[in-house]
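I have placed the structure first, in the form of structure tokens, so that the comments after it can refer back to it.
Just so you know, all these numbers are worked out from the coordinates, no wet-lab data involved. Computed from a predicted model, the values in this text were never measured in an experiment. Please note: Cβ atoms are built from the backbone with ideal geometry, for glycine as well, and neighbour counts cover all protein chains shown.
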Amino acid sequence: MRAGGRQKPPLTVVVLGAITVVFLALPLVGLLLKASWSTLWTDLTSPVALDALRLSLVCSLWATGLSLVFGLPLAWLLARCTFPGKRVVRALTILPMVLPPVVGGVALLLAFGRSGILGRPIFALTGVQFTFATAGAVLAETFVAMPFLIITVEAALLGMDVRFEDVAASLGAGRWTTFRRVTVPLISSSLVAGAALTWARALGEFGATITFAGNIQGRTQTLPLAVYLALQGNENVAVALSLALVGISFLVLVALRGRWLGAVSS
Amino acid sequence: MTIDSRSRPRIGSAGLGVIALLSALSLIVAACSSSSTSAPTSTTPPLSGAITVSAASSLSKVFTSLATSFEAVHHGTSLRFNFGSSGALATQIVEGAPSDVFAAAAAAPMAEVQAAGDLAESPTTFARNSLEIVVKPGNPLGIHGLGDLPRVHVVALCVLTAPCGANAAEVLTRARVNLLPTGVTRGPDVDATLAQVTTGDADAAIVYVTNAATVGTTAVGVAIPKSQNAVTSYPIAVLRTTSDPQLARAWMAYVLGPVGVRALLQAHFLPPS
């Protein structure tokens, strides 16, 4: 795997790589230049900003947790089992990635809205309403972000050497023990990478959230929604909030990469 | 106050026709006496090319249908639209987004663009609009006016930076109605706000009369009395950076002309003055 590590990389590859870095970094530099640093603290500590910040963290963490609980079993099924309609299920899990989020929001309304397929009986029986509630924002973020976890973990499960699992089983380990002590450690870097991607996607979610859960301060108005609204009137606040959003995710992703993926690749 | 989707108090269609005719006549007279351009006559060189029109989302239906007839009259021309909240559009234009004509749902966003020196000429008012409440079909919560809104679970309003949001705030203040922040969801523009009632779970929304006229069976309008209502004017202007001033002016003249006036009145806009 590391045989070519000492080789000098081809110039074309380096140039293209550098262009990519500039392409990705330049908009962020633009944000940094646009920022009004003197008012940054007051912009970030306004009630609207603090509400949005808190809500974004809560909702994105919930979405990541739910994706792990419900996405991991599906990823395992897709990687390890054969069942009728598997291709359809696999396509279905990726669909939210290609669906425009606003359309995803409308689709969620049809399913979980107060008069939706499942939303109506739930509302009639329990009085629980997802729309205009924080639970709805979590639902929207989970819908959009979970595919990232499923495809990352499924790929890792498919790529790992199944013989380790066979050996563990032959030595008397039960299925759960094998999964916990052999499979999870072997795919841990992908699991963390998938969870990080899922979390980042959930953190930036806009379209499905505003369409399905609405835009209520302190309840469903997450950071991206607050940024979008601020952009129309108060650009300083919008840039400050965007910087907070970018800053938080950047720190977490760098930390994760160093801890989990860095050990593998560098 | 009436609660009726179809027959809400409004000028009858005959009256509408008379107004349309009068406005059309007055505009034709004005056009003949004041300017030599305008009017698609065969003597002027044929228009061609494409322009981008940034317009308030409350204009989306009228402008889209007007564009179809404009393009049919002027073969080879094509209009692209950028619909959004007037506040957001003004920001885009000032930030340098290429656009040829700007039509706003209030004076303030147009003034912002003018202050930035981005207008080719002074804006002209071409329509006015006022607000209306829309509720779920059949009005299950029995909403008869602004005073009933505080007891509703969630009311959809436009963001405060959009004219429909600013006007709704003014109307609510005037009616001394106080909505809790947790009972208000804010749509980025008037179409998104209306959709919260027609496809979403909001129980009521405050939108333009012109939006309320388009809901069909998906919602019901509840009139806001004149004494409480706010009227907004719609200014239009060609932008300084236009790539095709001739086509931009032709489109503006078309909106201000008889066809435009008729379409706007049919969509329940009020005449400019």
Reduced to Cα centres, the span from the range A:214-236 to the range A:124-171 in Å works out to 28 Å
Per-residue Cβ contact counts at 10 Å, fewest first, order B:Ile51, B:Ile224, A:Ile19 as A:Ile19, B:Ile224, B:Ile51
In deg cm²/dmol, rounded to the nearest 500, the helical mean residue ellipticity at 222 nm of the protein assembly as shown, built from -39500 (n - 2.57) for every DSSP H run of length 4 or more, is -17000 deg cm²/dmol
Dimensionless Rg/Rh of the protein assembly as shown, both radii on Cα and Rh by Kirkwood, sits at 1.05
Sparse-neighbourhood loop hits (GluC sites (Glu not before Pro), the range B:65-114; DSSP loop; Cβ within 10 Å at most 11 others) -> B:Glu95
Most exposed first, judged by fewest Cβ atoms within 10 angstrom, A:Leu26, A:Leu55, B:Leu141 run A:Leu26, B:Leu141, A:Leu55
Semi-axes (Å, rounded, descending) of the ellipsoid equivalent to the range A:57-220 per its C-alpha gyration tensor are 33, 16, 15
Plugging the Cβ-Cβ distance of B:Val231 and A:Val103 into 1/(1 + (r/R0)^6) at R0 = 35 Å yields, to the nearest 0.05, a FRET efficiency of 0.50
Restricting to aspartates and glutamates and to Cα separations under 15 Å from B:Lys226, and discarding same-chain partners fewer than 8 apart, the set is B:Glu132, B:Glu170
Footprinting proxy, B:Trp251, A:Trp37, A:Trp76: sorted fewest to most Cβ within 10 Å, the residues are A:Trp37, A:Trp76, B:Trp251
